[in-house]
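The values are calculated or read from the model by the stated rules, or taken from the named source; none is laboratory data. Nothing here was measured: the structure is a model prediction, and the numbers come from that model. Counting neighbours? That spans all protein chains shown, and the Cβs are built from the backbone with ideal geometry, glycine included.
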Amino acid sequence: MKALFEIIPKKFRAATCGVVLSALLRALLNFAGLAVLLPVLLMVLNSQQIHSNQILSTLYEWGGFTTDQQFIAATCAVVIGVIALKQACNLLLQRVQRRYVVRLYKYFSVKIFRNYHDRGLAFIKRQNTAILSRNVNFICYNLVMGVISPTISMICEVLLLGLLLAALMWYNPMIALLAVAAFIPLSWVYVVILRGKLRDYGQRENEARRQQARAVVETFRGYTDIEINNAFPTMQRRFEQSLDTIAEIKSRTDIIGAMPSIIAEMSVALAMVVLILLGTATSHPDTSLIFGIFAVAAIRILPTVRAIMAQWWQIRYNYYCIDIVREGLEEADEIENDAPIQRIELGSAIEVEGLGFRFEDADKEQWTLRNLNLTIRKGEKIGIRGTSGAGKTTLFNLLLGFLTPTEGEIKIDGQRLDRALARRWQTSIGYVSQNVYIEDSTIAGNIALGVDTDQIDRERLADVIRRARLEEFVGQLPNGADTAIGECGNRLSGGQRQRIGIARALYKQADVLFFDEATSSLDDRTEQEINHAIEQLSREQSALTIVVIAHRSTSLEYCDRIIEI
């Protein structure tokens, strides 16, 4: 309960109290539904109770009944009405609880999704995206449905059980003590034996499902390399090992899940045997009535105890989700992603002063970049060249605002490029990498990335398609720019992907373009065509600033300056 309270956000605290209150109301309603059955039970066990019982006789006279049959029929009708009303109220309260947990799931999922995103490129590169995806989607859902929702239901059942035992204690302490003696020992043994195992099983299953998801994602992501190297049997073996672990855990937890019903039913049976033996031994005149009262109470105590044990089992099994969600909520960025971002246009120059960068997990003396000074003036075409591992891509990620310098600084028109300025800076720049990101959408959707389909400026789209030399390709497609291009752009050639990247940068009307080895994986002819397209852009827009990373000198021929890293 303490762990849950810590991760539930403050804006949900009032709603949480309301849901707990609704659990109390549900317990009272369920207790009332059981209580109204007592008059019927009394009349069934002894019809003389109608006139000998003070409450029943008062109701009989107040209702003006003339026969016992009329009174019994009216009492049964009232009981059915009360139970129907109770069920309707229960449904409404359950709806309130369900809406609460769904809202909480949405909050956790969106918050962690944003938080993972806002932790930046360095964090994402250290993680496995399949695991991050599972945390955002499944773990958040499992937390609210497998921990929070059962906790609320458990509170309701515990309160109901307390009311039932209190009522039994008031009516006949022996029945109450017998119920406690019957249910508590076996339930306690169940809890003590399984408490640690359940949490361990939950963690093991989560890890197995992570490995399962990783095997599937990596197999399809690297399909060609896996096939060429005959690595699929290994991936399949990893997948099957994860399934074996999951199956083993499920077989054990299925048995554990069935135990609450067994324990509850055994407890009731033992209690009834004790009552029968006591009645036989003492010949008490009210033995049948006591037995009947206990039977009616047991009808409700049995599912209540069973539900409490099952919910406790579910909470313990999914407890690992709390730790994952708690970690996901840490270091949340305060920048609102949905807030309007004021664009920064490059006015004079990008200045790099005494720049140094070292990755967090690197040795203190292992610098990727050190003491770098550089000025890129507006409208310049700058080429950056260097050997593999020299830090060219790291420099780009620093210039793009994805990484924070370890020492030194980067200035945009004199303003220090920090986290607060990075989002505004990124709205004015275009980036074309070696592997251009292509979403499972249309040509138009990929060029106008992040813009809703009905909001795409068709005139601007047609213009950038022409300027990126995509007109011929798009003209051959069955639906033109609205043709779907498959997951990861599997229907596109390397040159077409790069041109879409260029068109994307042009569509957002970027005034600074960064090309990170955008042509290194292309053949010579396609590379020349892409370079020609970039050169043509630079002539058409003299104010456009272009920064290019390339290995080949031919890819930098149109540059004003070439910088060696």
Selected residue (only one of Leu143, Leu161 is more than 20 Å from the chain's Cα centre (by Cα), among the aliphatic types (A, V, I, L, M), closer than 25 Å to Leu24 by Cβ and in the same structural domain as Leu28 (by TED's automatic domain parsing))
Leu161
Which numbered condition Tyr190 fails, given (1) more than 22 Å from Thr253 (Cα to Cα); (2) surrounded by 14 or more Cβ atoms within 10 Å (Cβ to Cβ); (3) under 34 Å from the mean Cα position of the chain (by Cα)
(1)
Looking at the stretch 347-392, which of its residues are in a strand (DSSP E or B) and among the small types (Gly, Ala, Ser)?
Ala349, Gly354, Gly356, Gly383
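Table: residues versus (1) more than 17 Å from Gln314 (Cβ to Cβ); (2) in contact with a Cys (Cβ under 6 Å, 6 or more places away or on another chain); (3) at pLDDT below 80; (4) not assigned by TED's automatic domain parsing to the domain that holds Ser187.
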residue: Arg214; (1), (2), (3), (4): yes, no, no, no
residue: Gly222; (1), (2), (3), (4): yes, no, yes, no
residue: Glu227; (1), (2), (3), (4): yes, no, yes, no
residue: Thr234; (1), (2), (3), (4): yes, no, no, no
residue: Arg237; (1), (2), (3), (4): yes, no, no, no
residue: Gln241; (1), (2), (3), (4): yes, no, no, no
residue: Lys250; (1), (2), (3), (4): no, no, no, no
residue: Ile255; (1), (2), (3), (4): no, no, yes, no
Just to be sure I understand the filter: pairs with C-beta atoms under 7 Å, separated by 6 or more residues or on different chains, first member in the stretch 227-238 and closer than 14 Å to Arg214 by Cβ, second member of a type in the set (A, V, I, L, M) and part of a helix (DSSP H, G or I). Which pairs pass?
Met235/Ala215; Met235/Ile226; Arg238/Ala215
Count of the stretch 443-474 residues which are assigned to a loop (DSSP other than H, G, I, E, B) and buried (at least 20 other Cβ atoms within 10 Å of the Cβ)
3
So which residues in the stretch 403-433 are among the charged types (D, E, K, R) and either part of a strand (DSSP E or B) or in contact with a Cys (Cβ under 6 Å, 6 or more places away or on another chain) (or both)?
Glu407, Glu409, Lys411, Arg416
Would you mind telling me which numbered condition in (1) in contact with a helix residue (DSSP H, G or I) (Cβ under 6 Å, 6 or more places away or on another chain); (2) assigned to a strand (DSSP E or B) Ile344 fails?
(2)
Within the set of pairs 6+ apart or on separate chains, which have a first residue in the stretch 537-551 that is surrounded by 15 or more Cβ atoms within 10 Å (Cβ to Cβ), a second that is of a type in the set (Gly, Ala, Ser) and part of a helix (DSSP H, G or I), and C-beta atoms under 8 Å apart?
Leu544/Ser538; Ile546/Ser538; Val548/Ser555
Pairs, first outside the structural domain of Val474 (by TED's automatic domain parsing) and at pLDDT 85 or above in the stretch 492-505, second outside any helix (DSSP H, G or I) and not aliphatic (A, V, I, L, M), C-beta under 7 Å, six or more apart
none
Got a sec? Which of Tyr100, Tyr116, Tyr107 is surrounded by 20 or more Cβ atoms within 10 Å (Cβ to Cβ), of a type in the set (Phe, Trp, Tyr), on the phi < 0 side of the Ramachandran plot and under 20 Å from the mean Cα position of the chain (by Cα)?
Tyr100
Name, by its number, the condition in (1) in a loop (DSSP other than H, G, I, E, B); (2) crowded, with 17+ Cβ neighbours inside 10 Å; (3) at negative phi that does not hold for Phe396.
(1)
Taking the conditions exactly as written (surrounded by 16 or more Cβ atoms within 10 Å (Cβ to Cβ), within 19 Å of Pro185 (Cβ to Cβ) and at pLDDT 70 or above), does Ser267 satisfy them or not?
yes
The condition from (1) in contact (Cβ under 8 Å) with a residue 40 or more places away in the chain; (2) surrounded by 16 or more Cβ atoms within 10 Å (Cβ to Cβ); (3) hydrophobic (A, V, I, L, M, F, W, C) that Ala215 misses is numbered (1)
Would you confirm whether any residue within the stretch 158-171 is in contact (Cβ under 8 Å) with a residue 12 or more places away in the chain, buried (at least 17 other Cβ atoms within 10 Å of the Cβ) and not hydrophobic (A, V, I, L, M, F, W, C)?
no
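Name the single residue that is nearest to Arg419 (Cα to Cα) among those in the stretch 107-149 being among the small types (Gly, Ala, Ser) and in contact (Cβ under 8 Å) with a residue 60 or more places away in the chain.
Let us first name the residues in the stretch 107-149 that are among the small types (Gly, Ala, Ser), namely 109, 120, 122, 130, 133, 146, 149.
From what is left, the residues that are in contact (Cβ under 8 Å) with a residue 60 or more places away in the chain are 120, 122, 130, 133, 146.
On the way: Gly120: 10, Ala122: 14, Ala130: 27, Ser133: 25, Gly146: 37 Å.
Out of the qualifying residues, it is Gly120.
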Taking the stretch 349-396 on its own, how many of its residues are in contact with a Phe, Trp or Tyr (Cβ under 9 Å, 6 or more places away or on another chain) and among the polar types (S, T, N, Q)?
3
In this structure, does Asp440 turn out to be without any contact (Cβ under 8 Å) to a residue 60 or more places away in the chain, out of contact with any helix residue (DSSP H, G or I) (no Cβ under 6 Å at 6 or more places or on another chain) and either outside any helix (DSSP H, G or I) or not β-branched (Val, Ile, Thr) (or both)?
no
Kindly evaluate Ala84 against the criterion of being modelled with pLDDT of 80 or more, over 47 Å from the mean Cα position of the chain (by Cα), part of a helix (DSSP H, G or I) and over 18 Å from Ile155 (Cα atoms).
no
Tally the residues that are charged (D, E, K, R) and at pLDDT below 75, restricting the search to the stretch 168-206.
1
